[in-house]
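Participant: Questions regarding the structure given below will be posed in turn.
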């Protein structure tokens, strides 16, 4: 779902800066769920506006107002006005896992190769 800015007056995200933008609502998620905030592709493509901690996680026990951290990777200031769609939110199930410490891991064909190891 889209998340919109809830502002009394427009705010500006300067180049290479971040800004915390209120969304004007709170949510109560059931235990075992989280909400993830993600960038909007149009803002990223046209203005280089994104979320620095994407996906941003809203835990089930959070009860405050939802706010979006915007970052401006562009060279021009970007103005956000009340009602502007600034992020997308997805609600997802979260599985709880228990980690087990082991002496060694099983082998795979990839092994410890990473960061481009598997090709383009």
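Quick note: the coordinates plus some simple rules give every number you see, no bench work behind them. Bear in mind the structure is a predicted one, so any value in this text is a computation, not a measurement. Methodologically, a virtual Cβ is constructed for each residue, glycine included, from the backbone with ideal geometry; neighbour enumeration extends over all protein chains shown.
Participant: Taking only DSSP H segments of four or more residues, each worth -39500 (n - 2.57), what value at 222 nm results for the chain once the sum is divided by all its residues, to the nearest 500 deg cm²/dmol?
Facilitator: So the helix-based figure for the chain works out to -1500 deg cm²/dmol.
Participant: Remind me, what semi-axes does the range 64-120 give for its equivalent ellipsoid, largest first in whole Å, using sqrt of 5 times each Cα gyration tensor eigenvalue?
Facilitator: They are 40, 22, 10 Å, listed from largest to smallest.
Participant: If you find the alpha carbon centre of the range 22-55 and of the range 57-89, how far apart are they in angstrom?
Facilitator: Between the Cα centre of the range 22-55 and that of the range 57-89, the gap is 6 Å.
Participant: I need to check one value: relative contact order of the chain, counting alpha carbon pairs closer than 8 Å and at least 6 residues apart, in percent.
Facilitator: This gives 38 percent for the chain.
Participant: Simple spin-label model, 7 Å along Cα-to-Cβ: residue 33 to residue 73 in nm?
Facilitator: Result: 3.1 nm between the two label points.
Participant: Kirkwood Rh, Cα Rg: Rg to Rh for the range 2-93?
Facilitator: Using Cα coordinates only, the ratio equals 0.98.
Participant: Quote to one decimal, in nm, the extra length available between residue 115 and residue 90 on full extension: 0.36 nm per residue of separation minus the C-alpha distance between them.
Facilitator: 6.3 nm
Participant: In nanometres, what is the gap between the two model label sites at residue 99 and residue 12, each 7 Å from Cα along Cα-to-Cβ?
Facilitator: 4.5
Participant: Hey, another quick one. Normalised by the residues of the range 1-59, what does the relative contact order come to in percent, with Cα pairs under 8 Å and at least six apart?
Facilitator: 29
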